[in-house]
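The values are calculated or read from the model by the stated rules, or taken from the named source; none is laboratory data. All of these numbers come straight from a predicted model, not from anything done at the bench. Positions of Cβ are generated from backbone atoms using ideal geometry, with glycine treated the same way; all protein chains shown enter the neighbour counts. Surface accessibility is based on the protein's heavy atoms, side chains included, excluding ligands, DNA and RNA. Shrake-Rupley method; radii C 1.70, N 1.55, O 1.52, S 1.80 Å.
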Amino acid sequence: MALLLRPTSPPSPHLRALLRRLLSTGAGPFPSRMLPSPRSTAAVPRLLFGPRVVAAAAAAPRRNGVPVRAFMASTTASEAMHEKRVAAEYTAANVQVLEALDGVRTRPGMYIGSTGPRGLHHLVYEILDNAVDEGQAGHASKIDVVLHDDNSVSVTDNGRGIPTDMHPQTKKSCVETVLTLMHAGGKFGGSKSGYSVSGGLHGVGLSVVNALSEALEVTVWRDGNKYRQSYSRGKPTTPLSSITLTGETSPRQGTSIRFWPDKDIFTTTIDFDFNTISSRIRELAFLNPELTITLTKEEGHTVQHNEYCYAGGLVEYVKWLNTDKKPLHDPIAFRKELDGITVDVSLQWSSDSYSDTVLGYANSIRTIDGGTHIDGLKASLTRTINNFAKKSKTIKDKDITLSGEHVREGMTCVISVKVPSPEFEGQTKTRLGNPEVRRIVEQAVQENLTEYLELHPDVLDSILSKSLNALKASLAAKRARELVRSKSVLKSSSIPGKLADCASTNPEESEIFIVEGDSAGGSAKQGRDRRFQAILPLRGKILNIERRDEAAMYKNEEIQNLILALGLGVKGEDFKKEALRYHKIVILTDADVDGAHIRTLLLTFFFRYQRALFDEGCIYVGVPPLYKVERGKQAHYCYDDADLKEIVNTFPPNASYHIQRFKGLGEMMPVQLWETTMDPERRLLKQLKVEDAAEANVVFSSLMGSRVEYRKQLIQEAASTISMDQLDI
């Protein structure tokens with residue numbers, strides 16, 4: 001029976017999965033396959049964060065018997081490279097002309113982002129987006145996505161079906177044309193095309209998926225017939241066949257694409273993550289309330305099945321985002337259509353939130369870098385609230401004006417625009433550039449928000465009170481910020497244990513380890529390579545900024561130390577990577593519950609204070625070993641229980657060996673810490689990326705927010721999945 005997901009109940013299953021993912025980036029109190037062994041660097045599925053094992057660099061000189069990082073190229077190497085450049089010839093014979101889809105197979109990352117898990121899932125999104133475009137055009141109401149147990153994926157819709165007649169230019173069937181030729185599709189002609197609004201613009205999605213699949217099958221139901229054709233690596237292997245439908249099936253229409261990704265292209269195991277794909281489907285279902293999307297995963301004799309249908313659209317989306325918050329009012333929602341452009345907005349303020357969440361979409365595509373629709377929303381919102389504040393005399397001083405940050409504090413907003421001819425900046429479609437959209441959005445927000453707040457004065461009073469409190473906190477924080485700006489890291493004497501800086505002044509090659517306590521800090525300082533590794537010890541657990549306002553954050557000494565040491569600047573200001581003192585920030589905590597909590601507090605701080613750190617790939621988690629196994633003069637380091645079992649199984653049955661369980665970094669000798677956790681040649685680092693900002697926002701609010709009932713429910717539900725022998729007590 002299908003499980004109908006509704007945002008009014010807490011999303012416990014996915015939160016449970018995300019909790020395990022969030023808290024198992026380092027060694028935890030129970031085994032976690034999230035920790036790859038030194039002999040395996042297989043990628044893992046990603047949900048909230050995408051941990052990526054950072055491979056060791058090339059062989060380097062040795063220091064005290066262990067390899068160290070080298071920064072200077074040798075003369076011999078330079079001469080060899082010079083000879084190589086001189087010897088290389090570049091003539092017409094070196095120029096290759098790639099035909100059809102060969103270019104896609106040669107440079108797949110250009111079209112799908114990567115050949116790892118992210119690119120693998122992007123194939124599903126390309127086909128799914130085509131089906132959603134049929135729904136946006138009003139021709140499809142149902143989409144079925146199936147993750148088959150043979151590592152293939154099928155996407156089926158009940159739209160119009162790909163045309164099957166002969167194309168006048170290519171002299172091939174239209175099906176074969178869109179599957180084998182780049183820039184072939186029905187979305188180029190604007191109002192004269194087959195789609196008035198669509199996310200696909202370039203006509204490359206379907207053909208790219210075909211090119212990167214070792215096999216693909218297309219089935220089309222159209223005009224009372226069923227058409228089928230098979231492909232392999234972008235080339236047809238069978239002609240387009242057809243059979244006539246009879247009886248109840250004759251009116252059926254739609255398209256089904258089933259593909260098997262090419263193992264020669266993708267660098268990781270072909271494994272589609274159910275939670276990753278369900279997150280994208282949930283988002284599309286919120287944005288397209290007329291659609292019902294199902295997701296099924298076949299695993300042997302078991303089947304996992306979810307159905308997503310949100311008739312409330314963006315209102316339900318905002319409610320889902322604010323599941324664990326205390327809203328000040330019901331979601332405000334409105335729509336405006338002008339000049340063929342449709343604007344949908346839903347927003348809600350919460351009393352227990354001190355940051356804003358603004359999600360923008362253009363033709364159901366997430367614009368993570370904003371655009372004219374986001375600019376118009378923020379400008380109109382700030383202007384409208386300020387107008388009300390002046391009229392109500394909430395702000396008596398005429399020279400004081402609420403800034404955008406004050407107005408948006410605690411606000412959750414989703415804006416979706418449908419634009420017939422969208423202008424995205426860049427191939428990745430992460431920023432909308434249509435200037436006319438800003439004007440329409442500003443007009444829509446001002447008209448509808450003004451009307452709503454005039455009819456609901458109690459809501460207006462709550463919003464103005466929240467904004468005024470944000471202004472007061474901002475003024476208090478300003479004084480604290482000035483203190484932060486005026487301080488110098490080298491002059492600060494209040495850092496416990498003090499920052500042990502590195503010799504290098506080049507942030508690109510410098511890295512800082514944030515460790516807990518003086519004990520771990522002492523070992524790390526002695527074991528590091530002083531040339532490029534800095535150590536910042538923390539005194540216990542830092543402030544949970546999810547529950548505190550900006551003024552309290554800036555007054556906290558540990559937070560000040562972090563901001564000063566890293567060169568983060570001030571919250572709300574544009575992120576400048578060049579101002580960072582280290583481009584690699586490594587969180588290194590103990591392999592226990594307290595260490596996991598400190599790591600989570602630090603991730604909350606980075607996510608809320610400067611989310612761009614994740615986008616720039618600056619945040620890492622160090623993975624210390626859990627065990628040391630000594631047998632004779634040999635020592636083996638194991639990173640989880642499976643790794644330990646694998647090592648022990650290599651010993652003879654009567655072998656004598658000793659197992660040491662590391663519970664804290666302070667238990668390690670400096671040489672051990674260097675060899676296992678800090679040496680770039682041998683360590684394991686996980687780079688954290690935010691794959692889904694909306695889901696990440698929900699998780700941080702749930703785990704770190706002020707409401708405890710959802711965490712209590714999460715713990716109760718997760719308790720049944722853990723056996724007592726796995727607890728480290």
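General observations
- Any chance residue 539 is under 23 Å from residue 511 (Cβ atoms), open to solvent by less than 30 Å² (accessible area, probe 1.4 Å) and among the charged types (D, E, K, R): no
- The listed residue being over 21 Å from residue 413 (Cα atoms), among the hydroxyl-bearing types (Ser, Thr, Tyr), open to solvent by less than 30 Å² (accessible area, probe 1.4 Å) and modelled with pLDDT under 95, out of 276, 302: 276
- Search result, residues across segment 606-617 that are buried (at least 22 other Cβ atoms within 10 Å of the Cβ) and closer than 10 Å to residue 700 by Cα: 607
- Residue that is nearest to residue 354 (Cα to Cα), among those in segment 520-556 that are of a type in the set (S, T, N, Q) and at pLDDT 85 or above: 544
- Members of segment 132-151 found to be in a loop (DSSP other than H, G, I, E, B) and touching a Lys or Arg at 6+ places or on another chain (Cβ under 6 Å), listed by number: 139
- If the condition is being surrounded by fewer than 17 Cβ atoms within 10 Å (Cβ to Cβ) and either of a type in the set (A, V, I, L, M) or within 12 Å of residue 376 (Cα to Cα) (or both), then segment 434-458 contributes 435, 436, 439, 443, 455.
- Of everything in segment 230-264 that is of a type in the set (A, V, I, L, M, F, W, C) and surrounded by fewer than 19 Cβ atoms within 10 Å (Cβ to Cβ), the residue that is nearest to the chain's Cα centre (by Cα) is 260.
- Residues in segment 564-592 that are modelled with pLDDT under 85 and of a type in the set (Val, Ile, Thr): 570 only.
- As a summary of the residue check, residue 564 satisfies the conditions (1) out of contact with any Pro (no Cβ under 8 Å at 6 or more places or on another chain); (2) closer than 20 Å to residue 700 by Cα except for the one numbered (2).
- Failed item in (1) assigned to a strand (DSSP E or B); (2) under 26 Å from the mean Cα position of the chain (by Cα); (3) crowded, with 19+ Cβ neighbours inside 10 Å; (4) of a type in the set (Val, Ile, Thr), with residue 296 passing the rest: (3)
- Any hit, segment 382-390, residues being touching a Leu at 6+ places or on another chain (Cβ under 9 Å) and either free of Cβ contacts under 8 Å to residues at least 40 places away in the same chain or under 16 Å from residue 434 (Cα atoms) (or both): yes
- Condition met for residue 227 (under 26 Å from residue 299 (Cα atoms), in the same structural domain as residue 156 (by the TED database), among the aromatic types (Phe, Trp, Tyr) and crowded, with 19+ Cβ neighbours inside 10 Å): no
- Criterion: open to solvent by 30 Å² or more (accessible area, probe 1.4 Å), under 30 Å from residue 680 (Cβ atoms) and modelled with pLDDT under 90 - qualifying residue of 478, 498, 487, 429: 498
- Listed by first and then second residue, the pairs linking a residue in segment 523-551 that is farther than 30 Å from residue 470 by Cα and of a type in the set (Val, Ile, Thr) to a residue that is in a helix (DSSP H, G or I) and open to solvent by 10 Å² or more (accessible area, probe 1.4 Å), with Cβ atoms under 7 Å apart and 6 or more places separating them unless they lie on different chains, are 535/525.
- Residue 248 being of a type in the set (D, E, K, R), assigned to a strand (DSSP E or B) and out of contact with any Cys (no Cβ under 8 Å at 6 or more places or on another chain): no
- Restricting attention to segment 387-408, the residues that are open to solvent by 30 Å² or more (accessible area, probe 1.4 Å), closer than 30 Å to residue 360 by Cα and either among the aliphatic types (A, V, I, L, M) or not in a helix (DSSP H, G or I) (or both) add up to 3.
- Screening the candidates 376, 360 for the property of being closer than 22 Å to residue 314 by Cβ and in contact with an Asp or Glu (Cβ under 8 Å, 6 or more places away or on another chain) yields one hit, 376.
- Conditions (1) within 21 Å of residue 685 (Cα to Cα); (2) at pLDDT 90 or above: number failed by residue 615: (2)
- So residue 627, is it exposed (fewer than 15 other Cβ atoms within 10 Å of the Cβ) and modelled with pLDDT of 90 or more: no
- Exactly one residue out of 238, 269 is modelled with pLDDT of 95 or more, assigned by the TED database to the domain that holds residue 124, in a loop (DSSP other than H, G, I, E, B) and not aliphatic (A, V, I, L, M), and it is 238.
- Residues satisfying the criterion are absent from segment 142-160 (criterion: over 26 Å from residue 366 (Cα atoms) and at pLDDT below 90).
- Here the condition is being assigned by the TED database to the domain that holds residue 109, basic (Lys, Arg) and out of contact with any strand residue (DSSP E or B) (no Cβ under 6 Å at 6 or more places or on another chain); of 258, 280, it holds for 280 alone.
- Strands (runs of 3 or more DSSP E) (entirely within segment 541-651) containing at least 2 residues that are among the aliphatic types (A, V, I, L, M): 584-588, 619-622
- Candidates in segment 299-330 are the residues that are in a loop (DSSP other than H, G, I, E, B) and without any contact (Cβ under 8 Å) to a residue 60 or more places away in the chain; of these, the one that is farthest from the chain's Cα centre (by Cα) is 301.
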